[in-house]
Amino acid sequence: MRHLLSVADLDAAAATGLLDTADRLKQALLGREVRKLPTLRGRTVITMFYENSTRTRVSFEIAGKWMSADTVNVSASGSSVSKGESLRDTALTLSAMGADCVVVRHPASGSAHRLAGWMDSEIGGGHTSIVNAGDGTHEHPTQALLDAATLRDHFRARGSGTIAGRRIGIVGDVLHSRVARSNVLLLATLGADVVLIAPPTLLPVGVEQWPCRVSSSLDAELPALDAVMMLRVQAERMHGAFFPSAREYAVGYGLSEARAALLPEHAPVLHPGPMVRGMEIAPAVADGPSSAVLAQVANGVHVRMAVLYHLLAGAPE
Ligand code: CP
């Protein structure tokens, strides 16, 4: 694997290979007092974030550190980006300093692909891998991988870790969600039966081409789901307009305690975070026994370790 730009780059074997590596790394670190593997000693991983992040940026930094890579964080506000330096010049500058991997988050869809093209060009030198940590409304592949890792753990603890054949609901603002797009692609690749549940105004044009079914009734779908993934309402991408309103959204698509009770007992509740409690999900559900939210965060570190491992050390035997 040269870059990780899109879930579409992963077939079922490649995705399962990454998830298996994440499992092995998790086991390797379990119970250790010193969480440090020598795997990426001498490698440099730079996170370059043009949008805010807690989970993704910090977990990539932890993932690199736990594998002994040198990790450096660059944010738009504290760098020469604020003086007007372009994405291309910033990335080529980091590559010239010897970055083995640049993890990028950027508001423009397609920016990670552009970056990979520049890195692979003669001027880029071809030695820097790019990881897409979220590009506009397009994709967030490591979020989908950590969600799949969390589902596998949850189902494995109840008999079988397989995702194939499970019915997974993805609920909310699909229109602006890179998490939804990556999850639909990955879950379908792994054989799940995916249903998007959203108000019609928050569905993208062309959604009928996606490998999933679409529904507008959360109450009708919940009893048959094996897992439900709530989405964050991406207010920052709505430029003031938001229909339905926050109140209407909560009434129609928020996971209240009463709604969560419609889910089968075995079905976990996922949310990529940050959560808007009260609108997207009731606090009692977010913190309740079915919530996998913090398990998702924990798996984020192991999945990102696996991604760095596959990119910088080659896929393990
Ligand atoms: N889920 C997610 O991408 O969270 P952050 O924005 O905190 O990284």
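A short reminder: the numbers here are calculations on the coordinates, not readings from a lab. What you see is a predicted model; the values in this text were computed from it and never measured. Every residue, glycine among them, receives a Cβ derived from its backbone with ideal geometry; neighbour counts consider all protein chains shown.
Laid out as a table, the results:
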| quantity | calculated |
| --- | --- |
| Inter-site label distance for Ser160 and Ser109 at 7 Å from Cα along Cβ, in nm | 3.6 nm |
| Ranked list, fewest to most other Cβ atoms within 10 Å of each Cβ, for Cys101, Cys212 | Cys212, Cys101 |
| Extreme residue, positive dipole direction of the chain, given options Gly78, Gly169, Pro283 (C-beta unit charges) | Gly78 |
| Residues Trp118, Trp66, sorted so that the one with the fewest Cβ neighbours within 10 Å comes first | Trp118, Trp66 |
| Set of lysines near Lys36 by C-alpha distance (under 18 Å), chain-local residues within fewer than 8 positions excluded | Lys26, Lys65 |
| Rounded to the nearest 20 debye, dipole of the chain from Cβ charges on Lys, Arg, Asp, Glu | 580 debye |
| FRET E, pair Glu257, Glu236, Förster distance 30 Å, beta-carbon r, rounded to 0.05 | 0.60 |
| In sequence order, calculated HN-Hα J values of the stretch 215-225 (Karplus, 6.51, -1.76, 1.60; Hz; x Gly/Pro) | 9, 10, 10, 5, 4, 6, 8, 3, x, 9, 8 |
| Fewest-first ranking of Phe60, Phe243, using other Cβ atoms within 10 Å as the exposure measure | Phe243, Phe60 |
| Sequence-distant residues sharing a close amide H with Leu4 (under 5 Å, placed H) | Ile130, Val131, Asn132 |
| Percent antiparallel among DSSP beta bridges (both partners in the chain, rounded to 5) | 5 percent |
